[in-house]
1. Count the DSSP beta bridges whose two residues both fall in region 163-261, then state the antiparallel fraction as a percent rounded to the nearest 5.
2. Positive end of the dipole of the chain, charges at C-beta (+1 Lys, Arg; -1 Asp, Glu), about the Cα centre: which of LEU35, ALA207, ILE225 has its Cα farthest in that direction?
3. What value does region 1-100 have for Rg/Rh, both radii from Cα atoms and Rh as Kirkwood defines it?
4. Placing unit charges on C-beta atoms (Lys and Arg positive, Asp and Glu negative, everything else neutral), compute the dipole magnitude of the chain about its Cα centre in debye, rounded to 20.
5. How big is the shadow of the Cα convex hull of region 90-135, averaged over all directions, in nm²?
6. Which of the listed residues, LEU71, SER193, THR269, is farthest toward the dipole's positive end in the chain, when Lys, Arg count +1 and Asp, Glu count -1 at the beta-carbon?
7. Run the quick spin-label model on SER124 and ALA83: label points 7 Å from Cα toward the beta carbon, then report their separation in nm to one decimal.
8. Whose amide H sits under 5 Å from the amide H of ILE160, counting only residues 5 or more places off or on another chain, with H placed in the peptide plane?
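Quick note: the coordinates plus some simple rules give every number you see, no bench work behind them. Bear in mind the structure is a predicted one, so any value in this text is a computation, not a measurement. Heads up, the Cβs are rebuilt from the backbone with ideal geometry, glycines too, and the neighbour counts pull from every protein chain shown.
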Amino acid sequence: MNARQIEVFRTIMRCGTLTSAAQALNVSQPALSQLLLHAEDQLGFPLFRRLRGRLVPTPEAMQLFPEAERLHRDLESFRRFAADLKHGHAGTVRLAASAPPALSFVPRALKAFRAAAPGIRLVSYVVPFEVAREMLGQGDADLGIALSDEATPLVDSETIGESEVVCVLPAGHALGARQTIGAADLAGETLISYRTRSLPGRMLERAFAQEGASFRTQVEIDVSIIALSFVQQGIGVALVDGLLPWGGFPGLVVRPFRPRVALPVALLTSARRPASQSQALLRGKLREALRLYATDPAARGLLRAAGAATGNGADGADGPPHGQHKPALSNKTDSVLDRPGRRR
């Protein structure tokens with residue numbers, strides 16, 4: 001029996017007559033009789049018999065009826081759930097974010113998403129970029145956002161902004177008197193920064209090479225937030241993304257690094273699975289949240305949304321007010337938004 005035949009059988013059982021059932025289903029009685037005959041032919045036994053002009057269910061029909069009722073309830077539940085998905089009232093969206101976005105503009109995006117789709121369940125993971133990309137490829141996350149735009153055959157990448165690398169110093173450090181920090185200024189310092197095989201590490205390595213210096217980290221990190229306590233404890237100075245609100249942490253001084261190195265802020269999606277309406281909604285909220293965060297004084301000019309004009313950089317927590325940036329020592333820029341050929 002197909003779904004239509006089950007619906008006919010259930011309606012006849014509930015109504016008791018073919019005439020009433022035909023009216024309930026808005027079909028003619030001959031058409032309903034034909035549907036019933038086809039169902040009985042497929043089953044190989046009759047569902048009803050006529051006794052003294054009345055339609056009487058057979059014992060087999062009496063046993064099938066509870067199952068037909070259960071299937072009807074399940075089908076109605078399925079239809080309601082599909083309608084909820086259509087209108088953003090049900091479902092789940094799983095977001096895998098690296099720590100810098102998760103601690104800066106992602107909360108704003110999630111708040112806006114919840115306001116627009118309160119019935120959607122959100123699952124948030126804070127993981128390194130490599131883990132987020134692996135989760136996308138394996139289907140364990142629906143969206144990712146990280147400071148790397150390196151795509152794979154299983155994962156697409158869309159660059160939605162860029163974040164400058166900054167130098168984070170312990171309060172009272174001699175380099176804090178400078179408006180910007182160059183590669184040469186870090187000679188002799190204990191450098192805390194990214195692994196050289198990571199995208200940020202490779203970009204910094206190129207920047208140092210432009211200045212005739214070598215990028216050598218004494219303390220390697222996978223996630224920039226790890227540098228916080230290291231710098232606070234005076235272990236060394238850090239070259240990390242400017243996306244995190246470093247100025248809000250005690251015991252730190254933040255200065256722009258020159259030459260300017262701009263790390264991509266990228267949305268990661270599955271290359272093999274189409275996005276649901278809820279996932280597309282969250283993507284839009286993430287783009288908008290990044291754009292708004294870039295204009296916030298907390299970003300201190302260190303974040304640029306895709307399509308925005310490039311500024312001169314920014315000074316750190318002890319520098320001039322937002323919007324009154326000192327000129328950069330170097331005009332050289334490594335910007336993912338300005339380089340051709342990036343996969344979006």
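1. 55 percent
2. So the residue we want is LEU35.
3. With Rg and the Kirkwood Rh in hand, the quotient comes to 1.24.
4. In total the dipole reaches around 980 debye.
5. 3.1 nm²
6. Result: LEU71.
7. 3.2 nm
8. The answer is VAL265, ALA266, LEU267.
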